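Just below is one structure, and these are the notes that go with it.
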Amino acid sequence: MAIVCNLVNDAQRLARALRSVTNVSVDLFHARFRFIDRQAREQEVMAQYGRDAEPRDGRILVATQVVEQSLDLDFDWLITQICPVDLLFQRMGRLHRHDRPRPPGFRGPKCTIIVAPDTDYGLHKIVYGNTRVLWRTHRLLDEVTEIAFPAAYRTWIERVYERDDWIDEPENIALEYDRFHIEEKAKFDQAQIIANDDM
């Protein structure tokens, strides 16, 4: 099982809490380790959850976004905090990646998504900047109990990232998106100025 948090502090707190209430091994993996320690942790994670991992009775990996890409990890169940749809699909790509025996109740991949209690999105807004994609991802998730791949990739990502407003989009989400768009445009313009100066 993997639990993916958007914030390192949340992952650290959750790992400590789980270790105090379960006898199951709980591993922690995030990007705030020193580089040399992170390499060692990554090797341990690969050994426990990777393609060549030995069959296990049960283990929990609490991690951050570092598990989304490039690591060939395999889980029966993924619990994740809400994130933009493309990153969510990356996380889901860690489910049932390899042909191996599955425990009862997990013959098919299972994903549980923890959503924000309101449209403010708190610190998740700071991590991802664009609350519109969080809200739209959340909205699409509310409409389904199952996601079929690969068909979902294109339709969901295009829908979430389309430029036009959705009819039922809350005003605060639209305003946040305008602010985000202005900030991103300013960063782009500043980068162009710096690049031209260097030329």
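The table that follows gives values for the structure above.
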item: Criterion: of a type in the set (Gly, Ala, Ser) and open to solvent by less than 40 Å² (accessible area, probe 1.4 Å) - qualifying residue of Ala53, Ala17; result: Ala53
item: Residues (hydroxyl-bearing (Ser, Thr, Tyr) and without any contact (Cβ under 8 Å) to a residue 40 or more places away in the chain) located in the range 100-128; result: Thr112, Tyr121
item: Residue count for the range 45-67, restricted to those that are in contact (Cβ under 8 Å) with a residue 60 or more places away in the chain and assigned to a loop (DSSP other than H, G, I, E, B); result: 1
item: Yes/no for Gly93 being within 14 Å of Asp27 (Cα to Cα) and of a type outside the set (A, V, I, L, M, F, W, C); result: no
item: Residue tally, condition surrounded by 13 or more Cβ atoms within 10 Å (Cβ to Cβ) and within 17 Å of the chain's Cα centre (by Cα), over the range 92-113; result: 10
item: Ala148 being modelled with pLDDT under 90, in contact with a Leu (Cβ under 9 Å, 6 or more places away or on another chain) and not in a helix (DSSP H, G or I); result: no
item: Residue within the range 184-195 that is in a helix (DSSP H, G or I), at pLDDT 75 or above and closer than 25 Å to Thr64 by Cα present; result: no
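Okay, residues lined up against (1) within 29 Å of Thr137 (Cα to Cα); (2) part of a strand (DSSP E or B); (3) of a type in the set (Phe, Trp, Tyr):
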{"position": "Ala15", "(1), (2), (3)": "yes, no, no"}
{"position": "Asn23", "(1), (2), (3)": "no, no, no"}
{"position": "Phe33", "(1), (2), (3)": "no, no, yes"}
{"position": "Gln43", "(1), (2), (3)": "no, no, no"}
{"position": "Ile79", "(1), (2), (3)": "yes, yes, no"}
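The values are calculated or read from the model by the stated rules, or taken from the named source; none is laboratory data. Bear in mind that the values here come from a model prediction, so they are computed numbers and not experimental data. Note: ideal-geometry Cβ built from the backbone for every residue, glycine included; neighbour counts use all protein chains shown. Areas reflect the complete protein model, heavy atoms only, side chains present, ligands, DNA and RNA absent. Shrake-Rupley method; radii C 1.70, N 1.55, O 1.52, S 1.80 Å.
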